[in-house]
Structures are given as structure tokens and as C-alpha cells.
Amino acid sequence: MRVAFAARDLSMYTSKPAGPPLALPDLQRLKRENAKIVCVTAYDASLAARADEAGIDLVLVGDSLGMVVQGHASTLPVTMDAMAYHVACVARGLSRAFLVADMPFMSYRDVPTAMSNATRLIAESGAAMVKLEGADWVCEVIDALSRREIPVCAHLGLTPQSIHRLGGYRVQGREQADAERLRADARKVQEAGAQLLVLECVPAPLAAAITRELAIPVIGIGAGADCDGQILVMHDLLGITPGKRPRFAKDFLAGRDSVLAALAEYARAVRSGEYPAAEHCY
Ligand code: KIV
């Protein structure tokens, strides 16, 4: 018996057009207009498409994939091949959201290595921006990439690639000296050319001060309600991360009947200022 296979219908992976693709100037405009930027992580085409359909502005292929997709205890084992693969999958699912790709541990350890790895994520996989953790020596890399038209998102506060130095996934910047250092680092990465900043797990008043001080949009995760936008790991947003949840995580699928409804509710709650509430902040 012969089975006829129809041509593959890829429309199930792509979202309904929700408007023209967003670019960096759109994110900068949202900051100027005081409108919240809604962000989420994704690692595959189907969930990326649902995020797009729900009106999410920015999708990050985070190296959190090492933990929530691959089951590792940290983000450190994530390879460039894995990132390139997942970014390409997500790119196929998006039509509107701005796509950011994390650069994994050691993939930006010096300028030439960063240049070739970032080029791969942009030119081959389809990202519009790459994200790097840290300041200090990272500023040289941010400067080199951004001067060569590779937009860079910096990541400060709790930086999971520094887990062995930090000794745990803890709130950063609680002490006065640490808070001052974080403020200075935020200014440094902006001066080096970063066009976006993710601030992870810092006290809400400190994140608010940094957001006011910087011209670039600041996206918070566990960083209070006054950042220019919010990001959550998809698995936290859908309540499927095993074990103890971080304080800032909220299960938006609880009480809803679809992933799309959960993502749409997250977008609404961020835009209205309902999320994060005081109970999600440090
Ligand atoms: O890897 C990731 O998912 C991230 C977000 C938590 C911001 O860096």
C-alpha cells in the first residue's frame, strides 16, 4: 500500500501576522513612551509562534535552555552548536517579535571568538541581537561587536554563568557597595555600546534607579516593576519548572486552558503594571 504524503504545511509553526516585525528603534520608542516591553524565553518554533501570536515583543533564546530543556544543573554546559540550533528553530516560529540569542559560557571570552560566534547566531541562525553576561572585560567585546553592527544586550545582577564565583542563585546588589558597583557597571556597558540591558535578581529600588539612569531599555527579571520591560523563562511562566520556584516566577497557565491564553495574560499583566506585584520583588 502506498501512503501519499502531502507537502509539509509549516503554517502551524508560524504566528498569525500580529503587525510588522519589531526592531531596536521600536524597543527604544517603547522606553521613551513609558510603555512596557514584554519578553519571554523560547527554545522551539511552536512555543515561539504562540509567544508571537500573544503579542510578546521580544523572544530570548536563553542559555537557560541548558537547565529547562537539557536538564543540566547550570547553564555552563550549553554549547554554541546547541544555541545556533535552538535560535534557528525559534526564528522559524516568529514573525513579529524581536529575537535575541544568548552567547553561551566562554563563547565570548575574547574579541575574535565573540565575533565569529555572534556572527553565526546573527547570520546563520537569524537572531537580531546577542546577549552577554558581565561588565569589565566584557565591555571590550561589547564595543567590538556593536561597532561591527552586531547589536548587544548586556546582562547584569545575577549572572548564571558566574555561578561558581557567586556560590548560588542569589539576589545581587543588596549591600551599598555592591549596589554602587552594579550602577557603575550598567553605565559602563551602555557606554561600551550595549543597546539593551537585562537586570536579573536585584532589589527593586536599585533596578528602578538604573532604569532611570540609562538611555537604553532595561528588562528586569526579579528586578521589580519599574524596569522598562519584564522577561520570564517560558517554563516558569507555564508552571512546568520542577522544584522550588524563584520568588519572581508566576504560573500564568494556572486557571487558563491554553498556552496562548497564558502568554496573552502575561503580556496583559506586564503592560498594565499588574506583574510583577510586590510579592514577586526583592
Ligand atoms: O538564559 C536566560 O533565560 C536568561 C533570562 C533569565 C534573562 O538569561
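Can you pull out the residues in segment 197-206 that are touching a helix residue (DSSP H, G or I) at 6+ places or on another chain (Cβ under 9 Å) and within 15 Å of the ligand (Cβ to nearest atom)?
Matches in segment 197-206: Leu197, Leu199, Glu200, Val202.
Considering (1) farther than 25 Å from Asp26 by Cβ; (2) touching a strand residue (DSSP E or B) at 6+ places or on another chain (Cβ under 9 Å), say which one Leu156 fails and leave the rest.
Leu156 satisfies all of (1) farther than 25 Å from Asp26 by Cβ; (2) touching a strand residue (DSSP E or B) at 6+ places or on another chain (Cβ under 9 Å) except (1).
When the residues of segment 44-70 are filtered to those that are closer than 19 Å to Asp251 by Cβ and more than 9 Å from the ligand (Cβ to nearest atom), which remaining residue is surrounded by the most Cβ atoms within 10 Å (Cβ to Cβ)? Reasoning before the result, please.
Residues of segment 44-70 that are closer than 19 Å to Asp251 by Cβ, as a first pass: 47, 50-51, 54, 56, 62, 64, 67-69.
Now narrow it down to the ones that are more than 9 Å from the ligand (Cβ to nearest atom): 47, 50-51, 54, 56, 69.
Working: Leu47: 22, Arg50: 23, Ala51: 32, Ala54: 22, Ile56: 29, Val69: 16.
For segment 44-70, the residue satisfying everything is Ala51.
So Met1 fits all but one of (1) surrounded by fewer than 17 Cβ atoms within 10 Å (Cβ to Cβ); (2) at pLDDT 95 or above; (3) not in a helix (DSSP H, G or I); what number is the exception?
(2)
What is the one condition in (1) without any contact (Cβ under 8 Å) to a residue 40 or more places away in the chain; (2) in contact with a helix residue (DSSP H, G or I) (Cβ under 6 Å, 6 or more places away or on another chain); (3) of a type in the set (Val, Ile, Thr) that Ile142 does not satisfy?
(1)
Keeping to segment 106-160, report how many residues are within 16 Å of the ligand (Cβ to nearest atom) and either on the phi > 0 side of the Ramachandran plot or among the basic types (Lys, Arg) (or both).
Residues that pass the stated criteria total 4.
Residue by residue through segment 217-249, note down the ones that are more than 12 Å from the ligand (Cβ to nearest atom) and surrounded by fewer than 21 Cβ atoms within 10 Å (Cβ to Cβ).
Ala225, Asp226, Leu238, Gly239, Ile240, Pro242, Gly243, Lys244, Arg245, Arg247
Can you pull out every residue in segment 71-80 that is hydroxyl-bearing (Ser, Thr, Tyr) and either under 14 Å from Thr41 (Cβ atoms) or away from the ligand (no atom under 14 Å from the Cβ) (or both)?
Thr75, Thr79
Which of the following residues is surrounded by fewer than 21 Cβ atoms within 10 Å (Cβ to Cβ), under 30 Å from Gly93 (Cβ atoms) and not polar (S, T, N, Q): Gly157, Gly167, Gly126?
Gly126
Which pairs do you get when a residue that is touching a residue at least 40 places away in the same chain (Cβ under 8 Å), found in segment 194-206, comes within reach of a residue that is part of a helix (DSSP H, G or I), reach meaning Cβ atoms under 6 angstrom, with the pair 6+ apart or on two chains?
Pairs found: Ala194/Ile142; Gln195/Leu24; Leu199/Ala207.
For the list (1) buried (at least 17 other Cβ atoms within 10 Å of the Cβ); (2) among the polar types (S, T, N, Q); (3) farther than 30 Å from Arg268 by Cα, I need the number of the one condition that Thr79 fails.
Thr79 satisfies all of (1) buried (at least 17 other Cβ atoms within 10 Å of the Cβ); (2) among the polar types (S, T, N, Q); (3) farther than 30 Å from Arg268 by Cα except (1).
Against the condition over 25 Å from Val38 (Cβ atoms) and out of contact with any Phe, Trp or Tyr (no Cβ under 8 Å at 6 or more places or on another chain), how does Arg96 come out, does it pass?
no
Within segment 235-249, can one find any residue that is within 30 Å of Glu149 (Cβ to Cβ), of a type in the set (A, V, I, L, M, F, W, C) and not in a helix (DSSP H, G or I)? Even if it seems obvious, please write down each step before you answer.
Pass one, segment 235-249, residues within 30 Å of Glu149 (Cβ to Cβ): none.
So far as segment 235-249 goes, no, none of its residues is within 30 Å of Glu149 (Cβ to Cβ), of a type in the set (A, V, I, L, M, F, W, C) and not in a helix (DSSP H, G or I).
Name the pairs: first residue in segment 86-99 and under 15 Å from Leu60 (Cβ atoms) and modelled with pLDDT under 95, second residue of a type in the set (S, T, N, Q) and not in a strand (DSSP E or B), Cβ to Cβ under 6 Å, at least 6 apart or on different chains?
Listed by first residue and then by second, the contacts come to nothing, as the list is empty.
The values are calculated or read from the model by the stated rules, or taken from the named source; none is laboratory data. Quick caveat: nothing in here was measured; it's all calculated off a predicted structure. Cβ atoms come from the backbone with ideal geometry, glycine included; neighbour counts cover every protein chain shown.
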